[in-house]
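A short reminder: the numbers here are calculations on the coordinates, not readings from a lab. A quick note: this is a predicted structure, and the numbers were derived from the prediction, not measured. Please note: Cβ atoms are built from the backbone with ideal geometry, for glycine as well, and neighbour counts cover all protein chains shown.
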Amino acid sequence: MAVYTQLSSADLEQLIGHYDVGQLVSAKGIAEGVSNSNWLIETTGSGSGGARFILTMYERRIDLADLPFFLDLLDHLAAKGCPVPRTIHDRDGASFRWIGPKAVALIEFLPGVSVDLPSPAQAHAVGRVLAQMHLAAMDFPKTRANALGADASAKVLAECGAQKLALIDPALPATIAIAARIAADWPQGLPQSVIHSDLFPDNVLMRGDEVSALIDFYFACNDAMAYDLAVTHAAWSFAAGGRDFRGDVGAALLAGYQEVRLLEAAERAAMPILAQAAALRFVSSRAQDWLDTPADALVTRKDPMDFVRRLDFYAAQGPALFNA
Ligand SMILES: Nc1ncnc2c1ncn2[C@@H]1O[C@H](COP(=O)(O)OP(=O)(O)OP(=O)(O)O)[C@@H](O)[C@H]1O
Ligand SMILES: N[C@@H](CCO)C(=O)O
């Protein structure tokens, strides 16, 4: 389910007419994704090169005031050689347009598929590209605060409350105090850049062992680079709902990252707490979504317990886990 708004062929033809991409040939709704409506657009091609594009209509979650940050970031990173899709600008130079009250952007299509169970070689490649992205984003002029940092996770869990959390799983209420402690102990002064913040395997397109695209930058913000590495570690290094830690995948991710950007001593020392904070970020957003989404809704709810298991795993580890 990822086409929330129906667009007629006349709507689409009119929209595509504003871009230097040739004539509209076809538009197919894309099933993956839950936040936005996405279409694969084919055109006859022209000045902008390529004839396949992703059309995204921003439906919810995103504050539209942040769109220039997200879309300019793609252009900034692509210009520096990072594998991210460029934004196609219309003939007036705008990176997004409006169809009625909804904002839409036309984005370069990049080939590749997301992997379900990444291999160490694939995790290594993702680590390298993540570090490349952090370095390339350092001089990106726009800024955006992290709305889902450790403080926010603690607040969300506290607001859900022990009683409601226990309805999801009896182990969840304990995360309220853990999140508060981690927010209070948050390491200050770690080196920052723009971070992706949500680099799960479904947000990476791969061709074999090579990364062809990082996508879905709609949580990108300024924060500690090591925190982004911790998020990616939590997202990539586990199988079976967080039950199985895949040490070879985690180690390959850290090694790939550090081939491009070596972690500073303070970052390495902070990794255990950053990894717990990363796990809590997804415990809190998943718990909140779980409570807000009726059990019979069309959208499948993501289980917060997948990340409570990761949280417990990281809490039981010392810094040695992150010495790639
Ligand atoms: N630039 C691109 N090139 C090729 N395919 C893409 C591109 N951007 C998105 N896709 C495809 O569209 C699908 C949906 O995109 P995406 O994950 O960004 O959806 P979303 O609803 O915005 O995000 P989410 O559900 O993760 O919050 C992806 O799984 C991918 O298959
Ligand atoms: N990647 C997130 C969803 C977006 O925040 C999750 O798996 O919970």
- For helix 247-260, what angle does its Cα long axis make with the longest principal axis of the chain, in degrees from 0 to 90 and rounded to 10? 60 degrees
- Task: Report, in degrees rounded to the nearest 10, the 0 to 90 angle that the Cα long axis of helix 265-292 makes with the longest principal axis of the chain.
- Result: 70 degrees
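Give me the net charge of D292's neighbourhood, meaning all other residues with Cβ under 13 Å from the Cβ of D292; Lys, Arg count +1, Asp, Glu -1.
On the way: positive: R60, R61, K164, R286, R301, K302; negative: E159, D289.
That works out to +4.
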- Query: Say we join alpha carbon atoms closer than 10 Å with springs in a Gaussian network model of the chain; which of R281, R144, R86 then has the biggest fluctuation?
  - Reply: R144
- Note on the structure: Long-range amide H partners of F238, meaning residues 5 or more apart or on another chain whose placed amide H is closer than 5 Å, are R246
- With V34 itself left out, Lys, Arg at +1 and Asp, Glu at -1 over residues whose Cβ is under 14 Å from its Cβ give -2
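Taking neighbour counts of Cβ atoms within 10 Å as a proxy for exposure, in what order, fewest first, do S35, S46, S197 appear? Before the final figure, lay out each step's value.
Values: S35 16, S46 13, S197 21.
Ascending number of Cβ neighbours within 10 Å: S46, S35, S197.
Using r as the Cβ-Cβ distance of E159 and A295, and R0 as 22 Å, what FRET efficiency do you calculate, to the nearest 0.05?
Result of the calculation: an efficiency of 0.60.
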- Message: Compute the angle between helix 225-236 and the longest alpha-carbon principal axis of the chain, please, reported from 0 to 90 degrees and rounded to the nearest 10.
- Response: 90 degrees
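Largest first and in whole Å, what are the equivalent-ellipsoid semi-axes of the chain based on the Cα gyration tensor, each being the root of 5 times an eigenvalue?
Values: eigenvalues 230, 109, 62 Å².
Semi-axes (√(5λ), whole Å): 34, 23, 18.
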- For the chain, what number of Lys pairs, 8 or more residues apart or on separate chains, have alpha-carbon atoms under 27 Å from each other? 9
- Could you work out the local net charge near A78, counting Lys and Arg as +1, Asp and Glu as -1, over the other residues with Cβ closer than 13 Å to its Cβ? -1
